[in-house]
Every structure is written in C-alpha cells, then in structure tokens.
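To start, the structure itself, in structure tokens.
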Amino acid sequence: MSIRNSQGVHPPRRAIRNGVFALAVALSAGLIVPAPAAPPSAVPPSLSGAMQGAMDKAFAFLAASQQRDGGWLGSGRSDPAVTALVVTAFIHSPAHGVDDPVVKRGLDFILRFAHPDGGIYTEGEGLRNYHTSVCLSALAAADERLAGDPRYREPIRKAQEYLKKMQWDEDKDHDRSSSWYGGAGYGTNKRPDLSNTQMMIEALHDSGLPKDDPAYKKAIEFISRCQMLSETNDQPFARGSVDGGFIYSPVKDGESKAGTEIIEGKPRLRSYGTMTYAGFKSFLYAGVSRDDSRVKACIEWIKRHYTLDSNPNMPDRQVNEGLFYYYHVFAKALAVWGDDIITDSRGEKHNWRVDLCLKLKGLQHEDGSWTNKADRWMEDNPYLVTAYSLRALQTALGQ
C-alpha cells in the first residue's frame with residue numbers, strides 16, 4: 001500500500017504560544033480544546049535535552065526537503081497529506097512555530113487543495129476524507145496559534161461540515177443497524193474503516209467541534225463495532241470475544257490487517273496495536289467515559305500487549321509493519337488517557353513517555369530522518385515517517 005491508503009494518524013492541539021490574551025480569547029470562543037501536556041517530571045531533563053537535539057536534526061532534514069511548491073513528496077510528487085503532517089510538526093515546535101517561512105509555504109500549499117464543497121483533497125485520487133482530515137488538523141494547529149485568523153477559520157468551518165457529510169448515516173441510506181453507520185472511508189462511496197474514522201474524529205476534535213455534535217455519537221457506534229468485545233459489539237465476528245482490542249473494519253464479515261488467530265479451536269479476527277490505540281483514542285475524543293466497559297477493555301488490552309519493540313499482536317512476519325504509525329497513535333492515545341505510568345499484565349511499571357523517547361532515539365538515522373524497512377503503508381517515505389516520529393516525540397514531551 002501507499003500513503004494513499006495508509007493508516008495515517010494526526011496529532012492533537014496544544015497550548016498557544018502567542019500570549020495569555022490570545023489563549024483566553026480562543027478558549028472563551030470555544031475554539032480550543034487543550035490536550036494534556038506532559039508534567040515536568042515525566043521525562044528527565046537530560047533525556048528531554050537529548051531528544052530536543054534529535055528533533056532539531058529531524059527538522060533540519062525536513063526543512064531541506066521542502067519542494068519549491070511548498071509541499072513534501074508522497075508517491076513521487078508533493079502530497080497534501082504528507083505536507084500537512086510535516087507542517088503540523090513544525091507548528092508545534094518551540095523553535096519554529098506558525099510564523100516560520102517553512103510553515104507558511106506549507107500552509108499555502110495545503111490551501112491550494114481546498115475545494116468549493118469544503119473538502120481539501122487531490123482531485124481524482126478518491127481520498128477525500130483522508131486528505132481533508134489530515135489537512136484540517138494542520139489548519140487547526142495554525143488557527144489555534146493565530147486566534148481565529150480569517151485565512152484559516154473559514155476553510156476549517158467548511159472542512160468540518162464536509163467531513164460530517166462524508167460520514168455514513170441515514171442520509172446515505174445506512175441506519176444504526178448497518179455496520180457502515182457512523183464510519184468514514186477514504187472518500188466518496190468508499191466503505192468505512194477505523195483508520196479513516198479516527199482521522200476524521202481527530203480532525204473534528206482538533207478543530208474545536210463541540211463535544212455534543214452528533215458526528216461523535218455516530219462514530220461511537222462504528223468504533224464499538226470495530227472492537228473485539230461481544231458485550232458491546234453486535235457483529236457476528238465478535239460473538240464470544242473478550243479480547244478488547246480493535247480490527248480495521250466491521251463491514252461485511254469484518255477485516256483485520258493482522259488476519260486471524262485461533263481461539264478455542266476457531267478462527268477469529270485478530271486485534272492489533274495500531275487500530276487498538278486508534279480506537280481507544282477515538283473513544284476518549286468522542287466523550288466515552290473512563291469507566292465505560294469498552295474503555296476498560298482497551299486498557300486491559302494495552303496492559304497485556306505493552307511494547308515498543310513491535311506493532312503489538314501482529315503476526316510474526318508482520319511485527320514491524322505500520323510501526324511508526326503505531327508510535328504515533330500510541331503517544332496520542334496515552335497522552336489523552338493522562339497516566340504517565342502503565343502497569344502491564346506482569347505488574348511491571350512503564351513510563352511510556354520515557355520508553356518512547358528512548359526507542360525513537362535509537363531508531364533515528366544519521367541525517368535526522370526516520371524510515372521503516374518494513375515499507376508497508378509507505379513507511380519507507382522519510383518525510384512521512386519523520387513527521388510521525390516528531391509528532392510522537394512532541395506528544396511525549398508535552399509540546
């Protein structure tokens with residue numbers, strides 16, 4: 001697969017750097033939903049300093065790789081989704097921010113893909129939901145720091161409405177009994193999957209969509225049907241399952257990118273790390289309580305499968321597929337959860353922020369980039385994977 005059908009995920013919004021007054025105005029207007037920052041003691045200063053040095057190298061690599069049109073390459077040409085990921089990392093960097101010329105060129109490039117229908121996408125590629133979601137998160141990060149700059153406010157509003165119209169619901173002849181209901185796919189008429197749905201939910205959250213908007217409630221229905229938990233999943237493929245992890249899509253007989261596993265002598269769809277953390281994060285963004293049985297089952301799955309050495313619970317031959325996407329959603333989900341220490345099923349305690357910093361530090365290339373030798377979902381693209389890594393590190397460090 002290429003970036004065009006990858007399992008990309010995008011970062012949450014953080015604190016404003018433009019002053020207390022701008023923050024107060026934006027908060028009072030309901031434009032900002034601040035994400036939790038790392039407490040000062042979560043990552044030791046020595047490690048934090050070392051990681052900042054690693055990030056500086058990565059930003060230098062990306063700045064030197066920006067194309068003349070303002071974008072970064074994906075599948076041989078400047079791509080709005082890859083560009084949006086990179087731009088968002090620059091915006092969240094204390095050393096760069098929204099006024100950096102690199103960011104301004106990147107934002108201008110993204111806005112060239114804005115269409116009258118509100119979507120932000122490359123015409124003819126069939127990836128309208130995917131592109132719009134990623135680009136909306138980038139514009140929201142810029143808008144957050146510019147306190148409602150008119151260049152971004154209207155495209156953000158229109159993109160929100162566009163994504164909601166793309167969601168499968170009664171208007172598209174899918175009611176609550178349908179396994180499609182509440183989900184989003186890559187584009188018009190594409191069957192829904194959890195990857196695209198979580199990107200949509202994150203973009204709506206990042207851009208300040210109120211928590212009581214029906215889009216979240218509809219999405220919860222779809223997300224629940226991706227969880228291997230028969231207590232709350234009414235799909236036949238989940239019958240009898242107490243796993244708590246997530247698969248890719250519940251449509252038809254369900255689909256997992258990790259295939260199946262044998263449980264009590266019968267094949268069952270196999271949950272895996274990227275989708276489990278994506279589903280977990282989406283539940284929290286959509287307002288599902290920490291005490292909800294679905295959220296509790298997620299946490300139990302995370303405790304059983306805690307690792308940064310692989311994309312957990314993938315088959316042996318696939319353990320490194322989607323690894324950097326996994327690091328990205330791992331950081332985002334656990335930051336929203338709010339606990340710095342995860343106690344695994346063996347009783348061992350893990351500071352996930354420290355673990356993630358050390359893991360990514362060891363995987364960085366000399367030129368400052370990151371890539372994955374297991375190149376499924378375009379993780380051989382250094383611009384995409386370096387953006388994933390930077391946003392994971394920024395999340396771990398509370399930036």
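A few comments on the model shown:
- Test: residue in region 380-392 that is surrounded by fewer than 20 Cβ atoms within 10 Å (Cβ to Cβ) and either in a helix (DSSP H, G or I) or at pLDDT 95 or above (or both): yes
- Residue match in region 370-378 (condition: in contact with a Ser or Thr (Cβ under 8 Å, 6 or more places away or on another chain), farther than 19 Å from Phe246 by Cβ, assigned to a helix (DSSP H, G or I) and open to solvent by less than 30 Å² (accessible area, probe 1.4 Å)): yes
- Within region 286-318, considering residues that are within 23 Å of Lys373 (Cβ to Cβ) and among the acidic types (Asp, Glu), the one modelled with the lowest pLDDT: Asp316
- The condition of being among the β-branched types (Val, Ile, Thr) and crowded, with 22+ Cβ neighbours inside 10 Å holds for only one of Val288, Val329, Val295, Val354, that being Val329.
- Across region 229-262, the number of residues qualifying as open to solvent by 60 Å² or more (accessible area, probe 1.4 Å), part of a loop (DSSP other than H, G, I, E, B) and on the phi < 0 side of the Ramachandran plot comes to 5.
- Gly187 being over 26 Å from Phe90 (Cβ atoms), of a type outside the set (A, V, I, L, M, F, W, C) and modelled with pLDDT under 95: yes
- All positions within region 344-386 that are closer than 24 Å to Gly70 by Cβ, touching a residue at least 24 places away in the same chain (Cβ under 8 Å) and not charged (D, E, K, R): Gly368, Ser369, Trp370, Met378, Asn381, Pro382, Tyr383, Leu384, Val385, Thr386
- In region 42-69, the residues that are in contact (Cβ under 8 Å) with a residue 60 or more places away in the chain form Cβ pairs under 8 Å with partners that are among the hydroxyl-bearing types (Ser, Thr, Tyr) and open to solvent by 20 Å² or more (accessible area, probe 1.4 Å), at six or more places apart or across chains, as follows: Leu62/Tyr383; Ser65/Tyr383.
The values are calculated or read from the model by the stated rules, or taken from the named source; none is laboratory data. Remember, it's a predicted structure, so these values are computed and weren't measured experimentally. Don't worry about glycine lacking a Cβ; one is built from the backbone with ideal geometry, like all the others, and counts go over all protein chains shown. Heads up: the accessible areas ignore ligands, DNA and RNA and are worked out on the full protein's heavy atoms, side chains in. Shrake-Rupley method; radii C 1.70, N 1.55, O 1.52, S 1.80 Å.
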